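The values are calculated or read from the model by the stated rules, or taken from the named source; none is laboratory data. Everything numeric in this text was worked out from a predicted model, so none of it was measured. Ideal geometry is used to build each Cβ from the backbone, glycine not excepted, and the neighbour counts take in all protein chains shown. In case anyone asks, the SASA skips ligands and DNA or RNA and just uses the protein heavy atoms, side chains included. Shrake-Rupley method; radii C 1.70, N 1.55, O 1.52, S 1.80 Å.
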Amino acid sequence: MHVSHLSLADFRSYARVEVPLDPGVTAFVGPNGQGKTNLVEAVGYLATLGSHRVSSDAPLVRMGADRAIVRAAVVQGERQQLVELELNPGKANRARINRSSQVRPRDVLGIVRTVLFAPEDLALVKGDPGERRRFLDELITTRSPRMAGVRSDYDRVLKQRNTLLKTAALARRHGGRRGAPPARADSSVGADLSTLDVWDQHLARAGAELLAQRFDLIAALRPLADKAYEQLAPGGGPLGLEYRGSAGEVPAAGNREELYGVLLAALGEARRNEIERGVTLVGPHRDDLLLKLGQLPAKGYASHGESWSYALALRLASYELLRAEGNEPVLILDDVFAELDTRRRERLAELVAPGEQVLVTAAVDDDVPGVLAGARYAVSGGTVERVER
């Protein structure tokens, strides 16, 4: 699979730009701040419906514009599709496939598949648990686009349940103040709390599906991550990927009904504490992926170089996993080589060079290893021009 043409309108710094792309390696080269990353960010957005740089769509729309358009022609074997996303901050985004059919944005998931590595990925190792949960869940959705619906359902139920718990917590605090009337047993809050059992069931059902997918993914990634790390930093491993759940001992090999039962029981045990604190304390949204280097946690113990290699190994493992499952993804390396020492730079370049499509950004030509020969684009002042070599 590869992107044969990228078209942007009012996306980031580009009022309009058209970029034809070939299979193999393409490098976008130019000084920082000229829009190189904006191009690969747009490709990544088509694959994940999100940016690797910001958490909302508003910064993606060019200043002064109401909306942005990201459009790409995608080739898979003999088949070509045109996928388009219209970003409307504050409103619902829109999507089209092959121009004529308007669909939900999440329906485009799976048409473009990417694995993107960027300096921000150092947070996979050094950052908070949310970074690692996002890594798992985005890769899960890439493998199985239907999981976008499961994740959406889980987030919706979690929001509703948290609203109910927060209301109950505020009512309790208010009722406990001197001179304040106590909350009535038949109050609307009391009535609402009676629905917690229903919300628990919905949360546990969606959560069990998400947990099952996470466990399956981690099991598949472990050997691939170990191999990738050994290739990048020989003798530096082994790696350890351990799931840390908020629901206590969760059977990684359990079926969905077992996971549902464990989550449901954990929610019941945590209910008193959750009502006091006004927030859901159990579920996949509170879990973490513990990354170990040898016998020690990578976070806090791995050196800067080891952390870079670890993050790279996770992305390369993701890439190899998707390749093995068919429909090879586009590999995006955003300003990565400048951060690596010579040895790691050359090893990484050799590993990715055979990819069906590899998109690279760099500030100068010298940052692109020679083995990554291919198309070059000069990016400067909002223009993207192909350089004949």
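Rolling a 1.4 Å probe over the protein heavy atoms leaves K166 with an accessible area of roughly 120 Å².
By the rule of a C-alpha distance below 16 Å, with chain neighbours fewer than 8 residues away ignored, the aspartates and glutamates paired with K91 are D57, D66.
Using heavy-atom solvent-accessible surface (probe 1.4 Å) with all chains present, what is the largest-first order of S4, S152? Show your work: numbers first, answer last.
Numbers: S4 30, S152 55 Å².
The residues order as S152, S4, largest area first.
Per-atom-type breakdown for the chain gives carbon and sulfur 48% of the accessible area (1.4 Å probe, protein chains only). Each peptide among 120-126, 217-223 gets the average number of other Cβ atoms lying within 10 Å of its residues, and from highest to lowest they stand as 120-126, 217-223. Using C-alpha pairs under 8 Å with a sequence gap of at least 6, the mean separation divided by the residue count of the chain gives a relative contact order of 25 percent. For the cross-link pairs K36/K159; K227/K299; K166/K299, the ones whose C-alpha atoms lie over 27 Å apart are K36/K159; K166/K299.
Can you give the net charge of the other residues whose Cβ lies under 10 Å from the Cβ of R133, counting K and R as +1 and D and E as -1? Spell out each step's value before the answer.
Working: positive: R132, R134, R214, R286; negative: D128, E131, D137, E138, D287, D288.
Overall, the nearby charge balance is -2.
Net charge in the neighbourhood of N98 (other residues with Cβ under 14 Å of its Cβ; Lys, Arg +1, Asp, Glu -1) is +2.
Shape class for the stretch 1-106, computed from the alpha carbon gyration tensor (a ≥ b ≥ c): oblate, with a/c not under 1.5 and a/b at or below b/c. Using a probe of 1.4 angstrom and keeping all protein chains present, the accessible surface of the chain works out to 46 square angstrom per residue. The antiparallel fraction among DSSP beta bridges confined to the stretch 268-389 stands at about 65%. With the whole protein complex present, R62 retains an accessible surface near 80 Å², based on a 1.4 Å probe.
A straight Cα-to-Cα reach below 14 Å connects K292 with the aspartates and glutamates D226, E242, E306, residues fewer than 8 places away in its own chain not being considered. Going by the alpha-carbon gyration tensor, a ≥ b ≥ c the square roots of its eigenvalues, is the stretch 255-328 rounded (a/c under 1.5) or, if a/c is not under 1.5, prolate (a/b greater than b/c) versus oblate? Oblate.
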